[in-house]
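Laboratory data are not the source of any read-out in this text; all were calculated from the coordinates shown. No experiment lies behind these values; they were computed from the predicted model shown. Positions of Cβ are generated from backbone atoms using ideal geometry, with glycine treated the same way; all protein chains shown enter the neighbour counts.
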Amino acid sequence: MIQDMEGYFRGLTPERSDLLKELEAQAKAEAIPIAGPLVGRLLSILTTLSGGRAVLELGTAVGYSALFIAEGLAPGGRLLSLERDADRAGQARANLARGGCTDRVEVRLGDAMEELAALQGLFDLAFLDFDKSLYEPALPHLHRLLRPGGLLVADNTGFSAARPFNQALRQDPKWREAHLLCFLPLHSTEYDGLSLALRL
Ligand SMILES: C[S@@+](CC[C@H](N)C(=O)[O-])C[C@H]1O[C@@H](n2cnc3c(N)ncnc32)[C@H](O)[C@@H]1O
């Protein structure tokens, strides 16, 4: 095996734009939990693989992960990202404008659970990155909103509050899941769970 695997893999962290690096510095200074460059790149790849026509994000913060998802969208594809904190939603809109993504990303201010209940349409991919205790109650809505074969990506599934969600995915035959324990440089936190589930 490679010696010092953490150091080695840290050195393989994807290159990114000055804007993304600026948001990483802001996140560190202000303790804003962000997905980091590796999960960001993964989201970009998975968005493209999913078809990238319609993507849903729960938990925008200042738009860091949204910038990566936007990169992976198909031409004409759209990201709808939900955030309940007005200040963060405003910062996210400004950052997405700086990244040239205004035409394909909507940051919607509101409580994600209320929005989910009212939302219609079929999404290719959903990224779950809001209140971990709400992951499990959000699951039936996400099954309704994802197309068959659509992908659910859940961040921070190593948090205690995500346990009911992890268990529900495991037991529910309507999903085909994979729970990963990961080392993720610059992710909040660097050791964490990341779960993927195919909507059957
Ligand atoms: C981990 S941060 C999101 C990070 C972002 N996805 C990224 O990687 O750049 C979680 C965000 O979810 C928001 N949030 C928490 N509960 C929410 C809810 N019920 N509805 C909408 N947003 C919520 C918080 O305000 C916070 O900004």
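Some observations on this one:
- Footprinting exposure proxy ranking of H187, H179, fewest other C-beta atoms within 10 angstrom first, gives H179, H187.
- Charge context of V153, other residues only, Cβ under 10 angstrom, K/R +1, D/E -1: -3
- Of I45, I34, the sequence from fewest to most neighbouring Cβ atoms within 10 angstrom is I45, I34.
- Shown in residue order for segment 168-173 are the 3J(HN,Hα) couplings computed by the Karplus curve 6.51 cos²θ - 1.76 cosθ + 1.60 at θ = phi - 60°: 4, 4, 5, 8, 8, x Hz (x for Gly and Pro).
- Part-to-part distance (alpha-carbon centres) for segment 103-127 and segment 37-63, which is given in Å: 13 Å
- Dimensionless Rg ratio for segment 17-199, taking C-alpha atoms and the 2.2 N^0.38 Å reference: 0.94
- Each peptide in 82-93, 98-109, 19-30 gets a packing score, the mean of other Cβ atoms within 10 Å over its residues, and the list from highest to lowest is 82-93, 98-109, 19-30.
- Whole-angstrom Cα spans of segment 62-159 along principal axes, big to small: 34, 29, 28
- Pairs of alpha carbons in segment 28-110 separated by more than 22 Å make up 15% of all such pairs.
- As a rough footprinting exposure proxy, the listed residues S188, S195, S133, S160 were ranked by other beta carbons within 10 Å of their own, and the order from fewest upward is S160, S133, S188, S195.
- Tensor-based shape of segment 113-200 (alpha-carbon gyration tensor, a/c under 1.5 rounded, otherwise prolate or oblate): prolate
- Normalised by the number of residues in segment 17-199, the average gap of Cα pairs under 8 Å and 6 or more apart makes the relative contact order 21 percent.
- Within a straight-line Cα-Cα reach of under 19 Å, K28 can be paired with the following aspartates and glutamates, leaving aside sequence neighbours fewer than 8 residues apart in one chain: E15, D18, D85, D87, D129, D155, E190, D192.
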